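So the structure is just underneath, and the comments pick up after that.
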Amino acid sequence: MMQNFKEVLNIPSSDEILSSLNLSYDGQTEEANPAATFGFSVPLVTDECPGQLQYFPLSKNSHIGLNENLDEEAFIEKMSNKKFCVIICNSFDIIGGDDIKTASFSNENGQLSFIAGVWDATEDPLMAATLYSCTFLTIEYDRSSAKRVPYFLKRDQIASWIGTQLTLEQRIELINTMS
């Protein structure tokens, strides 16, 4: 019998993020959403505003899958028009039937976790607004409960990932050190 799984990001409160990372924030602090999935806004830091906490919704295709043996040409093609961000969470959880957590992935126990991501801004002429979304990078994972898991960054890799000084080739090197 095949089980259905859902993937969720366990999101910390804005207060926890702001105090831990020393970021500014223009909005009202938000409470933690323990089960952020597609369409939910998640906390992140972008390459355009590296010192500011922002919230963007996860895009419908909430992850970009990359193979364990990363193909440089494929990566460059997928990433050539992207802007870079770090999505902040407590963990990435796989929830099985009866809402039982079957697997949980994070950077460090009890600490904030950071997922390598990309973000987009598109203009919606009907709404006369700019719509933002983010996507996280994943790698294949070899367990029955999860086929893919996010690329987690260490705290000291955040500035490199969202920095403008890295070429796509250097980002490949950074990703290869995370595998």
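Where a number appears in this text, it was derived from the coordinates with a stated rule and is not lab data. Computed from a predicted model, the values in this text were never measured in an experiment. When we count neighbours, we look across all protein chains shown, and the Cβ atoms used for this are built from the backbone with ideal geometry, even at glycine.
Measuring from label point to label point, each 7 Å out along Cα→Cβ, what is the Cys49 to Gln111 span in nm?
Computed distance between label sites Cys49 and Gln111 equals 2.6 nm.
Please sort 111-117, 122-128 by packing, taking for each peptide the average over its residues of neighbouring beta carbons within 10 angstrom, highest first.
111-117, 122-128
Expressed in nm to one decimal, what extension gain is obtained for the pair Met127 and Ala159 from 0.36 nm per residue of sequence separation less their Cα-Cα distance? Let's see the in-between values first.
Numbers: separation 32, 0.36 × 32 = 11.52 nm, distance 3.38 nm.
Stretched out fully, the Met127 to Ala159 stretch lengthens by 8.1 nm.
Measuring from label point to label point, each 7 Å out along Cα→Cβ, what is the Leu166 to Ile76 span in nm?
1.7 nm
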